[in-house]
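I have placed the structure first, in the form of structure tokens, so that the comments after it can refer back to it.
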Amino acid sequence: MVTHIYHGVFGVKNMKSSLQIQDISVPSGTKAQGFLNVVGTSVKLPIVIVNGANDGQTLLVTAGIHGGEYPSIEAAIRFGRELDPTVVNGAVIVMSPVSLNAFHARQAFLVPEDGKNLNRVFPGKALGTVAERMAYTIMNAVAPHISAWVDLHGGDIPEALIPLVGCATSDDAQLWEQSLAMAEAFGIPYLMPLNSIMGTTVSAATALGIPALLAEAGQLGILDEPNTELLLNGCRSLAQHLAILAGEAQSTTLHIFNGWPWVRSAHSGCWYPTIKVGDIVKAGDLVGVVKDYFGDVLGEYTAPADGLVLLVCAALSVNVNDPLVGIGS
Ligand SMILES: [Zn+2]
């Protein structure tokens, strides 16, 4: 049954229509919660659907695409719970934690069943591996209903990180401006253009013409209140910016980086960073050392560019090709 009338923009809800996603049907002015099925797997995706009493845009909030990013997962859960459909214009769909399998395995970055990074396999495949089918389900069951998407992340369990936002670059100048406006409303000033990272939620959304924002806060497997509040307030303000909620959105002056060079490990061994997130580094500065299990140095690592240290691997254990340091340059 077609329950939506679209007028050239994805997910602008009209006619006070009900909202149906898989077998969950949500009449106008109500909210519902449940799980989406991922066809061909036993995976369930938690979902809260808040179908507003009034017309407006539809915002998708995802978190827990990576299972150990706890403040983002908690912020999304709280946002879904607090929304009152009688005062919502349009709709809000909240999915958190998306990767329940990684969440319960306490598995950083990867979906345990197939070892894939869910945020590198979007838009997914109908007949793919578990992660690919999870992405496919979101893109095909949920994304057709939405007009904006914010995907909440943070540093995963072994990762130190300072808060940042990201938007996928696009040839469509209007789409880029819409995504930037979402970033201004979210309230985190450091913005990374995501031109080279394909397979992400925001790149898949942008490919469909849906403005999208990556927002990262929290780190090291710690559920802390400041980062949870930062992300929750960002979601509220973003909903205000989209006129889904009443009130004035915050407007943050963005610092837009040119790029995000990462230092990756060429060795398996023990990692000893000599910098921390928030440090300013110059190209060529020592950022850390990898040693073997006897304390002998295997390699010294230096900053590839001047910039701000955004993320640092906080685990002693590193493998070949693991990210060690990410720099906003
Ligand atoms: Zn993440």
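The values are calculated or read from the model by the stated rules, or taken from the named source; none is laboratory data. The model shown is predicted, which means the values in this text are computed figures rather than measured ones. Cβ: placed from backbone, ideal geometry, glycine included. Neighbour counts: every protein chain shown.
Each row is one residue, and each column tells you yes or no for (1) touching a residue at least 40 places away in the same chain (Cβ under 8 Å); (2) among the basic types (Lys, Arg); (3) more than 23 Å from residue 108 (Cα to Cα); (4) in contact with a strand residue (DSSP E or B) (Cβ under 9 Å, 6 or more places away or on another chain).
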{"residue": "285", "(1), (2), (3), (4)": "no, no, yes, yes"}
{"residue": "288", "(1), (2), (3), (4)": "no, no, no, yes"}
{"residue": "302", "(1), (2), (3), (4)": "no, no, yes, yes"}
{"residue": "305", "(1), (2), (3), (4)": "yes, no, yes, yes"}
{"residue": "311", "(1), (2), (3), (4)": "yes, no, no, yes"}
message: When you check residue 174 against the structure, is it under 15 Å from the mean Cα position of the chain (by Cα) and not hydroxyl-bearing (Ser, Thr, Tyr), yes or no?
response: no
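Give the residue that is surrounded by the most Cβ atoms within 10 Å (Cβ to Cβ), with candidates limited to residues of region 285-329 that are in a loop (DSSP other than H, G, I, E, B) and polar (S, T, N, Q).
If we filter region 285-329 for residues that are in a loop (DSSP other than H, G, I, E, B), which is where we start, we get 285, 292-296, 303-306, 314-316, 319-322, 329.
With polar (S, T, N, Q) added as a condition, the list becomes 319, 321, 329.
Working: 319: 12, 321: 10, 329: 18.
Out of the qualifying residues, it is 329.
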field: Test: residue in region 102-122 that is touching a strand residue (DSSP E or B) at 6+ places or on another chain (Cβ under 6 Å), of a type outside the set (Ser, Thr, Tyr) and away from the ligand (no atom under 16 Å from the Cβ)
entry: no
- prompt: Just wondering, is there one or more residues in region 249-256 that are in contact with a helix residue (DSSP H, G or I) (Cβ under 7 Å, 6 or more places away or on another chain) and buried (at least 20 other Cβ atoms within 10 Å of the Cβ)?
  reply: yes
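Just to be sure, is residue 217 modelled with pLDDT of 95 or more, farther than 28 Å from residue 117 by Cβ, in the same structural domain as residue 168 (by TED's automatic domain parsing) and not charged (D, E, K, R)?
Criteria not met by residue 217.
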field: Every residue from region 97-136 that is over 20 Å from residue 72 (Cα atoms) and assigned to a helix (DSSP H, G or I)
entry: 130, 132, 133, 136
- line: Over region 205-233, the set of residues more than 20 Å from residue 278 (Cα to Cα), more than 15 Å from the ligand (Cβ to nearest atom), in contact (Cβ under 8 Å) with a residue 60 or more places away in the chain and under 15 Å from the mean Cα position of the chain (by Cα) is 205, 210, 211, 232
- prompt: Restricting to region 55-69, what's the tally of residues that are more than 9 Å from the ligand (Cβ to nearest atom) and of a type in the set (D, E, K, R)?
  reply: 1
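What is the residue count in region 241-285 for residues that are closer than 30 Å to residue 147 by Cβ and of a type in the set (Gly, Ala, Ser)? Step through it out loud before you land on a result.
Applying the first criterion (closer than 30 Å to residue 147 by Cβ) to region 241-285 yields 241-260.
From what's left, of a type in the set (Gly, Ala, Ser): 243, 246-247, 249, 251, 259.
Number of matching residues: 6.
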Top-ranked residue of region 258-284 - restricted to ones that are buried (at least 20 other Cβ atoms within 10 Å of the Cβ) and aromatic (Phe, Trp, Tyr), ranked as modelled with the highest pLDDT: 271
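Out of 150, 142, report the one residue that is surrounded by 20 or more Cβ atoms within 10 Å (Cβ to Cβ) and within 16 Å of the ligand (Cβ to nearest atom).
Going through 150, 142 in turn, just one is surrounded by 20 or more Cβ atoms within 10 Å (Cβ to Cβ) and within 16 Å of the ligand (Cβ to nearest atom): 150.
Within region 172-192, is even one residue within 15 Å of the ligand (Cβ to nearest atom) and either part of a helix (DSSP H, G or I) or more than 21 Å from residue 81 (Cα to Cα) (or both)?
Looking only at region 172-192, we keep the residues that are within 15 Å of the ligand (Cβ to nearest atom), and these are 188, 192.
Subset that is either part of a helix (DSSP H, G or I) or more than 21 Å from residue 81 (Cα to Cα) (or both): 188, 192.
Yes, region 172-192 has at least one match.
Considering only region 201-239, how many residues are part of a loop (DSSP other than H, G, I, E, B) and of a type in the set (Asp, Glu)?
Our first condition is that a residue be part of a loop (DSSP other than H, G, I, E, B); within region 201-239, this holds for 208-211, 217-224.
Okay, now just the ones that are also of a type in the set (Asp, Glu), so 224.
Number of matching residues: 1.
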field: Pairs where the first residue, in region 51-80, is assigned to a helix (DSSP H, G or I) and the second is more than 16 Å from the ligand (Cβ to nearest atom) and β-branched (Val, Ile, Thr), C-beta under 8 Å, 6+ apart
entry: 76/94; 77/94; 79/92; 79/94; 80/48; 80/50; 80/92; 80/94
message: Every residue in region 42-88 that is polar (S, T, N, Q), modelled with pLDDT of 95 or more, surrounded by 16 or more Cβ atoms within 10 Å (Cβ to Cβ) and over 20 Å from the mean Cα position of the chain (by Cα), please.
response: 51
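Given the condition in a strand (DSSP E or B) and either surrounded by fewer than 22 Cβ atoms within 10 Å (Cβ to Cβ) or not charged (D, E, K, R) (or both), answer yes or no: does some residue in region 240-247 qualify? Quick ask: steps written out before the conclusion?
Taking region 240-247 as the starting set, the residues that turn out to be in a strand (DSSP E or B) are none.
Taking every residue of region 240-247 in turn, none turns out to be in a strand (DSSP E or B) and either surrounded by fewer than 22 Cβ atoms within 10 Å (Cβ to Cβ) or not charged (D, E, K, R) (or both).
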